[in-house]
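Below is one structure, written out as structure tokens; the observations come after it.
The values are calculated or read from the model by the stated rules, or taken from the named source; none is laboratory data. For clarity, every value in this text was computed on a predicted model and none was experimentally measured. Note that we place each Cβ from the backbone using ideal geometry, even for glycine, and neighbour counts take in every protein chain shown. Just the protein is used for accessible areas: all its heavy atoms, side chains included, with ligands, DNA and RNA removed. Shrake-Rupley method; radii C 1.70, N 1.55, O 1.52, S 1.80 Å.
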Amino acid sequence: MRAQMLSTILRASARPSIVARTARATPSLVRFASGHAQESYESFSERYVKFFENAEDLFEVQRGLNNCFAHDLVPSPSIIEAALRASRRVNDFSTAVRIFEGIKEKVENKQQYQAYLDELKGIREELGISTKEELYSS
């Protein structure tokens, strides 16, 4: 048994290293991301409005919200309106309330958050959506 193990070790050391061959082959597999175009804010907004208009279940709505809020920008009011309508369409009130929590975290100051609330006041009243502050004010 010991002799067999020793011969295996000696044979492996006599061959060119598999690791060395793999290391030489990897640069041909590298893809550079410099060929991607930057997406404009308008096309970003269009894409997510369309996504939320076509969302059919809660999973899709929440997945879209996660992806949308993961970007380094505050979603436009048109995206928020489409997301609110989608969350109410799939009958999930809590997601609609949490959308406003997400906006509050993304904006830089209270005035920007208030501007979003003012602009979306009509849709909030139409769909019967309250903010967390309104729900827990007492």
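Quick notes on this one:
- Answer residue from segment 51-66, given it is free of Cβ contacts under 8 Å to residues at least 24 places away in the same chain and loosely packed, with under 12 Cβ neighbours inside 10 Å and is nearest to V90 (Cα to Cα) among those: F59
- Segment 70-83, residues that are assigned to a helix (DSSP H, G or I) and either of a type in the set (A, V, I, L, M) or at pLDDT below 95 (or both): A70, I79, I80, A82, A83
- Restricted to segment 66-84, and to residues there that are more than 16 Å from the chain's Cα centre (by Cα) and of a type outside the set (G, A, S), the residue that is farthest from Y41 (Cα to Cα) is L84.
- As a summary of the residue check, I129 satisfies the conditions (1) within 16 Å of L65 (Cβ to Cβ); (2) of a type outside the set (G, A, S); (3) part of a helix (DSSP H, G or I) except for the one numbered (3).
- Of everything listed in (1) within 20 Å of E126 (Cβ to Cβ); (2) in contact with a helix residue (DSSP H, G or I) (Cβ under 8 Å, 6 or more places away or on another chain); (3) open to solvent by 80 Å² or more (accessible area, probe 1.4 Å); (4) of a type in the set (D, E, K, R), the single unmet condition for R89 is (2).
- K110 passes every criterion in (1) within 16 Å of E53 (Cβ to Cβ); (2) open to solvent by 80 Å² or more (accessible area, probe 1.4 Å) apart from (1).
- Boolean, R88 is over 20 Å from S43 (Cα atoms), touching a residue at least 40 places away in the same chain (Cβ under 8 Å) and basic (K, R): yes
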